[in-house]
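Scroll down for the structure; my scribbles are underneath it.
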Amino acid sequence: MLSTFKKIFVSALLFAAACACGEPISLFDKTSIAEAFFTPEQILKAYVGKWSGRQVVRVGENSATGRIEVTYTVDADSPDLRLIGVGRITSDSGDSVPTTSYMYIENGQAILQMRNEQGQSFYYKGYPQMSSVIWMPIYDFFLFDFQQDYFYSENGKRFMTADGKRNLEYRGKWIMVSIFSSFEYVRQTYPIGSVKSSIKRDVKPKIESGVQFGD
């Protein structure tokens, strides 16, 4: 199951995660305040910062859990709003996968570019849905692939939960993958100017405890 865990996490959206204790936190709790999104700029700004959470992936009766950390930072060299995401997913069994992503606005649409370890890019477009963002693939040949990220505050802290499902081809067969996520906002990040604005530039993360950007 370990190899399946790694393959699925690399293919899935990097901010899909899961609660360690299982049950999702209700967004309609009286102490919770849901955030609202109406523009692509608001979508991108919601992700800025360092996030830490837990993740569970379910395929049929099988499941795998792990920890995920991701940091989204504004690219100061870009003339337009653009985020650079660097993270790491670590399974409870000890397997570790680095992640790289970019967010930007193109033709009035929020775009997410995911890059796997092989350098392949996968593109998603984000739609604001009140207190959530729905991500779907840009190209329609995907059979089934979506994720909905919810943002809210509770007792002065920010949280993000995500619920995603997608079909993935694995060993010549199509499988349904379900991912549920829970993140807590850790800290603010500040614009960086050491990373060139080209979307094709590789970002090499310096991984110590958590996720940091290299020099």
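What's the extension gain from residue 80 to residue 118 if we count 0.36 nm per residue and subtract their Cα-Cα distance?
Extra length from residue 80 to residue 118 when fully extended: 10.9 nm.
Between residue 144 and residue 167, what is the label-to-label distance in nm when each label sits 7 Å out along the Cα-to-Cβ direction?
Calculated label separation equals 0.8 nm.
Using a Förster radius of 35 Å, what is the FRET efficiency between residue 190 and residue 95 based on their Cβ-Cβ separation? Nearest 0.05, please.
0.65
Give me the number: length gained by fully extending residue 41 to residue 107, i.e. 0.36 nm times residue separation minus the C-alpha to C-alpha distance, one decimal in nm.
Length difference between fully extended and current span is 22.5 nm.
Quick one: which residues, 5+ away or cross-chain, put their amide H under 5 Å from the amide H of residue 92? H built at 1.01 Å from N.
Answer set, sorted by chain and number: 65, 66, 67.
Every number here is computed from the coordinates shown, using simple stated rules; none is lab data. All values reported here derive from a predicted model rather than from experimental measurement. A quick note on method: Cβ atoms are made from the backbone with ideal geometry, for glycine too, and the neighbour counts reach across all protein chains shown.
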